[in-house]
Amino acid sequence: MATERLLPNLWHATAPAAPATAPLTGELRCDVAIIGGGFTGLSAALHLAEMGVKAVVIEARAIGHGGSGRNVGLVNAGMWVKPDDLIATLGTEAGNRLLHELGDGPSLVYELVARHGIACEAVRNGTLHMAAGAEGLKEIREREAQWRKRGAPVEVLPAEKAHALSGAEGFTGALLDRRAGTIQPLAYARGLAAAAIAAGAEIFTDTPLLAAERTGDLWKLEAGRGTLTARYVIVATNAYGALVNSAPWKAQTQELTILPFFQFATNPLADGIAERILPERQGAWDTGLVMTSFRMDQQNRLIFGSIGRLDAMAEGTHRAFAARAVRRLFPYVGDFRFEYWWDGRIGMTTNNLPVMHKLAPGVVSISGYNGRGIAPGTVFGRALARYVSGDISAIPLTETPIMPDPWRNLKSAFYHAGAQAKHFIDRRF
């Protein structure tokens, strides 16, 4: 497997322990094999187990190792694409169905959190999409109009109210989406895993998928040091599938451009300061071309993120930018230090919408969350569970063939280098 640079990740430091798991050894049979122990795979396993279907998850590393353990933790409604643009791309019927399913996505997340008692710092007071300048204000007003005509509880706040709810300087307004909220993402993933196991699913970690062979109507998977035989396979690896070099069905990663995203978390801030930053604990991100995000956790740490990868050459540039940005956004913050920092991979499609593929007979996947992993991953996991159980209408996406993007590597490199250059020269922060 490809190696990764280990960084101090706040979510790993503060999440409750994962349920006990082990690598797969020997031979095992099940109804549905699930590749990937993130939001999608774990949601699928939980919903399958609750339907009485024997489901087994195999995860190459640890529960939530990929995007699920590196997420900002914003439980957003819908996709990044504006509703009208989504309809224009997918058509009225398919587009409206996807908007409905993902618009209600946060409700499913918080219902699962409540029903299974998942300790994940769950707060549902909405999110704030912060407007940068006149263009940013125009953008969020368009989003407000398009969502409100569909009945969504969203509201553009003027600059003064945006400042009061965010504590941040320099924004011209904000879009408050009351459907949304925040969670500790790795804690949520581990909680889903525990709930799935309690419902009857099995999860094996440190178990990379190595090979697959179709025999009759069954799949025999070589995984880790064992074999797994299943009638159906769900591939739920998204942007991290390519990390396992020998894995089959990783062709879907050839259509994903990788957008790197980093985060820095401060030491716990003093009460008087922490109460001024996002006092209602919404999560926030802005409309800037090189997007930034900020939120608080329950230990009063400020978590700041932006586009970029924390490799050995870029980390210093991004760290300096993050420190400048925090001081510019919150000039009253006083002395602070970064105690944690980490990065992750966002899988971007050419139209910024997720895709569904039948990779082989009995093998299905959904990928390309475009920075919206938590609610869509949970929703699509449930849909995939229903789909392989016989409800072929369960997935609110139309099956498409894999369309490799010949420019994906170049675009990924551009995002990495461009963000580093932008953060080096941008002295507004």
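The values are calculated or read from the model by the stated rules, or taken from the named source; none is laboratory data. Everything numeric in this text was worked out from a predicted model, so none of it was measured. Backbone-built Cβ (ideal geometry, glycine too); neighbour counts: all protein chains shown. SASA here: full protein model, heavy atoms, side chains in, ligands and nucleic acids out. Shrake-Rupley method; radii C 1.70, N 1.55, O 1.52, S 1.80 Å.
Mind jotting down the three principal axis lengths of segment 170-289 based on Cα atoms? Whole angstrom, largest first.
63, 37, 29
Could you give each residue of segment 74-87 its phi-based ³J(HN,Hα) in whole Hz, using Karplus coefficients 6.51, -1.76, 1.60 with θ = phi - 60°, and x for Gly or Pro?
Each residue of segment 74-87 in turn: 8, 8, 7, 9, x, 10, 5, 5, 4, x, 5, 5, 4, 4 Hz.
Keeping all protein chains in place, calculate the accessible area per residue for the chain (probe 1.4 angstrom), answer in Å². Walk me through the numbers on the way to the answer.
Numbers: 16960 Å² over 429 residues.
For the chain, the solvent-accessible area averages 40 Å² per residue.
Excluding THR14 itself, what net charge comes from residues whose Cβ is under 13 Å from its Cβ, given Lys and Arg +1 and Asp and Glu -1? Could you put the intermediate results ahead of the total?
Values: positive: ARG190, ARG301; negative: GLU121, ASP297, GLU339.
Summing Lys/Arg as +1 and Asp/Glu as -1 gives -1.
Return the distance in nm (one decimal) between the two label points of a simple spin-label model at ALA421 and LYS220, each offset 7 Å from Cα along Cα→Cβ.
5.3
Would you please give the residues with an amide H less than 5 Å from that of ALA122, counting only those at least 5 places away or on a separate chain, with H modeled from the backbone geometry?
HN-HN under 5 Å from ALA122: GLN184.
What order, most packed first, do the peptides 46-58, 148-160, 114-126, 97-109 have when packing is the mean number of other Cβ atoms within 10 Å of each residue? Spell out each step's value before the answer.
Details: 46-58: 22.4, 148-160: 14.8, 114-126: 17.2, 97-109: 20.5.
Highest-to-lowest ranking by the protection proxy: 46-58, 97-109, 114-126, 148-160.
Among the lysines, select those whose C-alpha is under 30 Å from the C-alpha of LYS220, and discard any that sit fewer than 8 residues away in the same chain.
LYS54, LYS250, LYS358
Based on the mean of other beta carbon atoms within 10 Å per residue, what is the order of 82-94, 26-38, most packed first? Walk me through the numbers on the way to the answer.
On the way: 82-94: 15.7, 26-38: 22.2.
Sorting 82-94, 26-38 by mean packing, highest first, produces 26-38, 82-94.
Give me the orientation-averaged projected area of the Cα convex hull of segment 1-103, in nm², one decimal. Each step should come with its number before you reach the end.
Working: hull surface 39.2 nm².
Average projection, Cα convex hull of segment 1-103: 9.8 nm².
Whenever you get a sec, compute what percent of the accessible area on the chain sits on carbon and sulfur atoms (1.4 Å probe).
Numbers: 9140 of 16960 Å².
About 54 percent, which is the carbon plus sulfur part of the accessible surface.
DSSP beta bridges in the chain, what fraction antiparallel, as a percent rounded to 5?
Details: 51 of 77 bridges.
Roughly 65 percent of the DSSP beta bridges within the chain come out antiparallel.
Would you kindly work out the equivalent ellipsoid of the chain from its C-alpha gyration tensor and give its semi-axes, the square roots of five times the eigenvalues, largest first in whole Å?
Working: eigenvalues 241, 107, 86 Å².
In descending order, the three semi-axes are 35, 23, 21 Å.
If the cut-off is a Cα-Cα distance under 18 Å, which lysines reach LYS422, setting aside same-chain residues fewer than 8 apart in sequence?
Reachable lysines: LYS411.
At what distance in angstrom do the alpha carbon centres of segment 151-171 and segment 269-314 lie from each other?
16
Mind telling me which of GLN252, GLN299, GLN184 comes out most flexible in a GNM of the chain, alpha-carbon contacts under 10 Å?
GLN299
If you stretched the chain out fully between ASN300 and ILE273, how much longer would it get, using 0.36 nm times the residue separation minus the C-alpha to C-alpha distance? Display every interim value, and only then the final one.
Numbers: separation 27, 0.36 × 27 = 9.72 nm, distance 0.91 nm.
Here the answer is 8.8 nm.
So, counting K/R as plus one and D/E as minus one, what does the shell of residues with Cβ under 9 Å around GLY103 add up to? Mind dumping the intermediate values first?
Working: positive: ARG150, ARG179; negative: GLU101, ASP104.
Cβ neighbours under 9 Å give a net charge of 0.
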